[in-house]
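Every read-out reported here was derived from the displayed coordinates using simple, explicitly stated rules and does not represent laboratory data. Predicted model, so just to flag it, every value in this text is computed and none were measured. In this analysis, Cβ positions are derived from the backbone assuming ideal geometry, glycine residues included, and neighbour counts consider all displayed protein chains.
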Amino acid sequence: MNIQGIHHVAYRCNNAKQTVTFYQKLLNMDFQLAIAENKVPSTGEPDPYMHVFLDAGNNNVLAFFEVPNSPDMQPDPNTPSWVQHIAFKVDSMDDLIEAKSRVEDAGIEVIGPIDHTLFQSIYFFDPNGHRLELAVNTLGPGVLEKLHSVAPAMLEEWNETKRAPQHAAWLHDGSLKKD
């Protein structure tokens, strides 16, 4: 098998129209299509839904389901709110700052920009409570290759200790010079 990419990623939403408007207005995503059924195709269950698809750029599709007959959406009580998020790539730091202003002008609280050494990003929540991240790459030459080379050892150490391995401490200790 040869995975060629992600076909689409789907999340639940409270209101399909509100969700589409949010992503169109604040993130300039094009509303691609909507599919609505009264039965779930994979199970045959009678459960009406609206499934909307948005263009997230470069053949990436973000989709949402509105399922009005299900209980209200709730955050996972066992997972910190910062863990589960959708991260979108932007072209430049100027784009990131412009997006931050646009989101803040809509009355939404924004965290950042945060410098992650490899990239800088901002964080905010959509109307459904999904955490979103906009990120711009800022890494220098050779950094990804260096991280790739230590990834297996880091994973093994983490698996044994559940403590942050120091194989890539150079990312945050100031010894990595950016170009």
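Rounded to the nearest 20 debye, the dipole size of segment 1-72 about its Cα centre is 140 debye, using +1 on the Cβ of Lys and Arg and -1 on the Cβ of Asp and Glu. Here the label points at His172 and Phe125, each 7 Å from Cα along the C-beta direction, are separated by 2.4 nm in the simple model.
For the chain, the longest principal axis of the C-alpha atoms and the axis of helix 93-105 are separated by about 40°. Relative to the longest principal axis of the Cα atoms of the chain, the long axis of helix 16-27 lies at roughly 40 degrees.
Within the chain, DSSP assigns beta bridges of which about 70% are antiparallel (rounded to the nearest 5).
Checked against a 24 Å cut-off, the cross-linked pairs Lys100/Lys146; Lys89/Lys146; Lys17/Lys39; Lys89/Lys162 give Cα-Cα distances beyond that limit for Lys100/Lys146; Lys89/Lys162. The overall shape of segment 1-72 is oblate: from the C-alpha gyration tensor, with semi-axes ordered a ≥ b ≥ c, the ratio a/c is 1.5 or greater and a/b is no larger than b/c.
Footprinting exposure proxy ranking of Met1, Met73, fewest other C-beta atoms within 10 angstrom first, gives Met1, Met73. Between segment 104-120 and segment 24-84, the alpha-carbon centres lie 24 Å apart.
Near the amide H of Gly140, within less than 5 Å, lie the amide hydrogens of Asp179, all on another chain or at least 5 residues away, with H placed in the peptide plane.
Evaluated with a Cβ-only charge set (Lys, Arg +1; Asp, Glu -1), the chain carries a dipole of roughly 100 debye about its Cα centre, given to the nearest 20.
In segment 1-72, the DSSP beta bridges split such that about 75 percent are antiparallel, to the nearest 5.
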